Amino acid sequence: MTMRHALLALSALTIPAAAMAQWNGNWPVPGPVAPPPPPAAVAPQVPVAEPWMARPAPSGQPWQSPAAEQNRAPAIEPIDLPPAIEQGVDMIYIDEELVPRAARDSSPAGDASLAAWSGAPVDFFTSVNPIYTDLRRGLVKYQQRWGSLPQLPIPAGPALKAGMSGERVAMLRTRLGAAAGDKYDAALAAQVKEFQSVHGFKPDGIAGAGTIEALNRGAQYYEQLIIINMERAKRLPAPEEQRKYVLVDAGDARLSMWENGRKVDEMKIVVGKAETATPMMAAYIKYASVNPYWNVPPELVRNLIGPRIVAQGVGYLTEREYQVLADYGDDAKTIDPHDVDWQAVVDGRQDVRLRRLPSPANSMGMMKFMLPNYFGIYLHDSPEKEHFTKNELWISNGCVRVEDYRRFANWLFGGYVPRGKDPKVEEEVDLPKPVPVYMTYLTAQPTASGVQFMADPYGRDQHLMERFGTQLLAAVRGLR
């Protein structure tokens, strides 16, 4: 990817030249190099996994906030995300032909603050992504089911549950449209469960502080969230614009594969934590790196691996199949680790490049899916499958880890999974045809009965509510 490629951002998104310089080139990711020499020592059959390969991010971290930047964790992937940019709806299109017609036609000409949050049914006039249409229909169903109820605020207090009675229970019954009374009966519990299921809570039928807070936000608040997500879906392609594409949803931490306007498969993914959020962007997946190397970020070399080498000797490197290289060039020469002053590396007086050879324990897994872009973002396998089963899905430094790389590769390559010639040498394999990937952030998902709201791990919804609250509220009232 070179600076000659177009970087198109809707709504007049501007990027300072100094920031662009910071984004490009801080973490060079080399292509294939000459096969490595035989290792100095016999490596174990299964390379040792590193204990720091991933950690769950702390909860409650503000999205792209100054505090988040100060507490930025050591990089796990060899990338450097850009400084915080305002990103909540707009998508950055690395390749201009990926811009959908609906997004191009509706893009405001001036500042993003002038955006028309009308909620008008764009799909009545032009072809759009089916998620947009499903969300628009979901908005109507949501208004019918929840918008018509009495928006009565309920005072804070102890959790309300089956068997209880009193004034707050009576208010809860009124708020949910139940028959008059002050008993928390089975019918009220069922209505609470339905509300919880729609609004992103565990449907346990207990009206605790979170459920009461959501009820007190009122239906208009959630209708505004649907409109925000409609705007995001407007930036996705219509069926005839992209017959085959990948959708990466950092809001729901899921990857879906689409053909002819229909979702054909999906899987879990691990995406960026709050302070290194996966950006909203679109680019082409052009090739896969089979048996990828892992180029260790310099801060990991200095702060984590270096001290272990000082303590344990260079055997620490050989048993984990690390190579020491002279530089980041494609034809970089290997260096004997005995010739490196590792204490100087730890002290920051000497820089070296470490590369881990391909293996099941490699942080990149067995395959990377490359989509050239300024942010250094790509998709890749991961040896740490437990994160998918534990739903620890917002922990990366921006890149996207896929749950099942073989299934994904089989779909991308049209029915086969490429294999490299040498399991210890990275090899690039071009896709038969580049496949677009759209990275978005949906916090409201359409369902058969309306919508289901998700968490807002990056705080983007709150940011947009604060900035466009007046326009959003006017749009909701105009649609009633």
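The values are calculated or read from the model by the stated rules, or taken from the named source; none is laboratory data. Because the structure is a prediction, the values reported are computed rather than measured. Heads up, the Cβs are rebuilt from the backbone with ideal geometry, glycines too, and the neighbour counts pull from every protein chain shown. SASA here: full protein model, heavy atoms, side chains in, ligands and nucleic acids out. Shrake-Rupley method; radii C 1.70, N 1.55, O 1.52, S 1.80 Å.
For segment 288-297, state whether one or more residues are over 30 Å from GLN323 (Cα atoms) and more than 21 Å from the chain's Cα centre (by Cα).
no
Within segment 145-179, restricting attention to residues that are open to solvent by 50 Å² or more (accessible area, probe 1.4 Å) and among the hydrophobic types (A, V, I, L, M, F, W, C), which residue is nearest to GLY450 (Cα to Cα)?
LEU152
Would you mind finding the one in ALA214, ALA238 that is in a loop (DSSP other than H, G, I, E, B), modelled with pLDDT of 95 or more and open to solvent by less than 10 Å² (accessible area, probe 1.4 Å)?
That would be ALA238, the only listed residue that is in a loop (DSSP other than H, G, I, E, B), modelled with pLDDT of 95 or more and open to solvent by less than 10 Å² (accessible area, probe 1.4 Å).
When ASP182 is evaluated against the numbered criteria (1) open to solvent by less than 70 Å² (accessible area, probe 1.4 Å); (2) without any contact (Cβ under 8 Å) to a residue 12 or more places away in the chain; (3) in contact with a Ser or Thr (Cβ under 8 Å, 6 or more places away or on another chain), which criterion, by number, is the only one it fails?
All conditions pass for ASP182, except number (2).
Give the residues of segment 92-139 that are at pLDDT below 80, buried (at least 16 other Cβ atoms within 10 Å of the Cβ) and not small (Gly, Ala, Ser), sorted by residue number.
Listed by number, the list holds a single entry, TRP117.
Would you confirm, using the coordinates I've provided, whether GLY329 is within 23 Å of GLY420 (Cβ to Cβ) and of a type outside the set (S, T, N, Q)?
yes
Which of (1) within 30 Å of VAL476 (Cβ to Cβ); (2) over 21 Å from the mean Cα position of the chain (by Cα); (3) not aromatic (Phe, Trp, Tyr) does ARG243 not meet, given it meets every other one?
Against the list (1) within 30 Å of VAL476 (Cβ to Cβ); (2) over 21 Å from the mean Cα position of the chain (by Cα); (3) not aromatic (Phe, Trp, Tyr), ARG243 comes up short only on (1).
Among the residues of segment 433-479, which ones are aliphatic (A, V, I, L, M), open to solvent by 30 Å² or more (accessible area, probe 1.4 Å) and either under 15 Å from TYR222 (Cα atoms) or modelled with pLDDT of 95 or more (or both)?
MET454, ALA455, LEU473, ALA474, LEU479
Of TYR328, TYR405, TYR416, which residue is over 23 Å from the mean Cα position of the chain (by Cα) and more than 21 Å from ARG302 (Cβ to Cβ)?
Only one candidate passes the filter, namely TYR416.
Tally up the residues in segment 199-257 that are among the polar types (S, T, N, Q), in contact (Cβ under 8 Å) with a residue 60 or more places away in the chain and within 30 Å of ARG407 (Cα to Cα), please.
Here the count works out to 2.
Report, by residue number, each residue of segment 421-480 that is in a helix (DSSP H, G or I), of a type in the set (Lys, Arg) and over 25 Å from the mean Cα position of the chain (by Cα).
Selection gives ARG477 alone.
Across segment 283-304, what is the total count of residues that are of a type outside the set (Asp, Glu), touching a residue at least 60 places away in the same chain (Cβ under 8 Å) and either in contact with a Lys or Arg (Cβ under 6 Å, 6 or more places away or on another chain) or outside any strand (DSSP E or B) (or both)?
Residues meeting the conditions: 11.
Kindly indicate which of VAL246, VAL270 is touching a Ser or Thr at 6+ places or on another chain (Cβ under 7 Å), at negative phi, surrounded by 22 or more Cβ atoms within 10 Å (Cβ to Cβ) and assigned to a strand (DSSP E or B).
VAL270
For segment 249-262, state whether one or more residues are surrounded by fewer than 21 Cβ atoms within 10 Å (Cβ to Cβ), part of a strand (DSSP E or B), within 13 Å of the chain's Cα centre (by Cα) and among the hydroxyl-bearing types (Ser, Thr, Tyr).
Yes: segment 249-262 contains one or more residues that are surrounded by fewer than 21 Cβ atoms within 10 Å (Cβ to Cβ), part of a strand (DSSP E or B), within 13 Å of the chain's Cα centre (by Cα) and among the hydroxyl-bearing types (Ser, Thr, Tyr).
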